[in-house]
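For reference, the structure is listed below as structure tokens.
The values are calculated or read from the model by the stated rules, or taken from the named source; none is laboratory data. The structure displayed is predicted, hence computed values, not measured ones. A quick note on method: Cβ atoms are made from the backbone with ideal geometry, for glycine too, and the neighbour counts reach across all protein chains shown.
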Amino acid sequence: MYSIIMKDLAHKHDLDELIRVFLKPSEFEFIENRQYAEKNAIIIEHPPTIVDKDDLKRYYFRELNNMTGYQPPWGILTGVRPTKKCNEYLNNGLTKSEIQRLLVEEFYVSEDKARLVLETCFNQLSINQIPTDNLVGIYIGIPFCPTRCVFCSFASNQFDQKKIDLYLSALFQEIDYVALMLKNLKINPETIYIGGGTPTSLSEIDFERLIIKIHDQFDFSEVKEFTIEAGRPDTITLNKLECIHRYGGNRISINPQSMNQRTLNQIGRNHTAEQITEAFKMAKMVGIPIINADIIAGLPGESDLEFNRSLEQVIKLAPQNITVHTLAMKRASKLKVVDKDYNYKEHSSLNDLLKGSNATLKAFGYGPYYLYRQKQTTGNFENVGYALAGTQSIYNVRIMQEHQSIIALGAGGISKVYFPMENRHERVPNVSDLSHYIDRIQEMIKRKNDMIAGPLSGIVKKK
Ligand code: SF4
């Protein structure tokens, strides 16, 4: 047991995140005084002269690095968006080599990860301009999936037609309200993203009703991207793809996660690897311009060889975007319930695997253009979106940059209102429970009216 002596708890949260990179939560505790430490505990206490948050993180990083021998590749960076720091430096006119040096020397980031961050920031420069205030992103959540993946922590519900009918009826009310609100404010969507869950798990009739509703209600004159997640190949049909194409959908995401059948069975997928290939063929035949494919490194029981083979097979399918995730095992996932220490196991080689995937993807012309880290990600690694030149997703970049308001509809949707003058966000969440969302739809709409319409109108007027 490690006892961390922390008299002033102001930075406890930041340090807790850093220490969890080295130690399991059961292996350490914060205490105010060393007299409360357990017998035989290893005590770490910073000198009282260190008060700055980053200095404290540096101190504990060095101590734990010495004690455990582990050198976390992201150094003391614990945030979700490591590119933010790099972009700040770029905006302040620092050169590539100055930024690389700062990340490595001041933040203890490994040379590889520092290079990855820099490359990612440069690859998003073409769509990195701060958007005008009269454009927003729209997110619409469909929280249904055919089965539940073992690592899932989202608000995903299994198919239930009665619930879907009630859900769509509530969602359509929210769509009507938000579309009218934006028209009144003279604000247009720049991107529309239907996520989930798996939106394509709706029946063909419901799916078309949804797409038509969105198409008819929102002003598409400024829409540059209309994205639909079609994650599970077993939910994709020719009719749904044709519907997407007919109503202007120009991006879909088909997410194999793995092309290895044993892994697919093990993670709770109800489909074959061949169905993934078929779904890609159909989407190309229909003419969807940009397809993203998600793949996950660190899946339970999957060897490095199997992951690399999956990646090669996904590249052969020729999607324009490939997103390499690192397994995130959150509290609500089935696997975490079975094995609470999953995130700390089996991953000594994961960093090499991610490095290898970066090299492979680059060799096939894919460049990293967005990057984020999730809390409780295996080994505290990253998720990286790769794209062929000119196919980067604006929606993904805007989400990472946090320079635009995102209005989220549906159960679990978290809207973010961006205040450009203060460069800050305010979150406006919908309830995440499906039944609560259906029952409280009028309250969700009122929340949008009170907490989004008002501030957005002020922001647009100030311009
Ligand atoms: S497809 Fe995504 S949302 Fe659906 S169960 Fe799997 S991880 Fe969860």
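The condition of being β-branched (Val, Ile, Thr), at negative phi and free of Cβ contacts under 8 Å to residues at least 60 places away in the same chain holds for only one of 175, 212, that being 212.
Of the residues making up segment 172-206, those that are in a helix (DSSP H, G or I) and either closer than 20 Å to residue 453 by Cα or within 16 Å of the ligand (Cβ to nearest atom) (or both) number 17. Can you give me the ranges of the strands (runs of 3 or more DSSP E) entirely in segment 231-326 with at least 3 residues that are within 16 Å of the ligand (Cβ to nearest atom)? By residue number, 290-297, 321-326.
Only one of the numbered conditions (1) crowded, with 16+ Cβ neighbours inside 10 Å; (2) at pLDDT below 95; (3) touching a Pro at 6+ places or on another chain (Cβ under 9 Å) is not met by residue 456, and that is (3). Taking the condition hydroxyl-bearing (Ser, Thr, Tyr) and part of a strand (DSSP E or B), does residue 395 pass? Spelling it out, it is not the case that residue 395 is hydroxyl-bearing (Ser, Thr, Tyr) and part of a strand (DSSP E or B).
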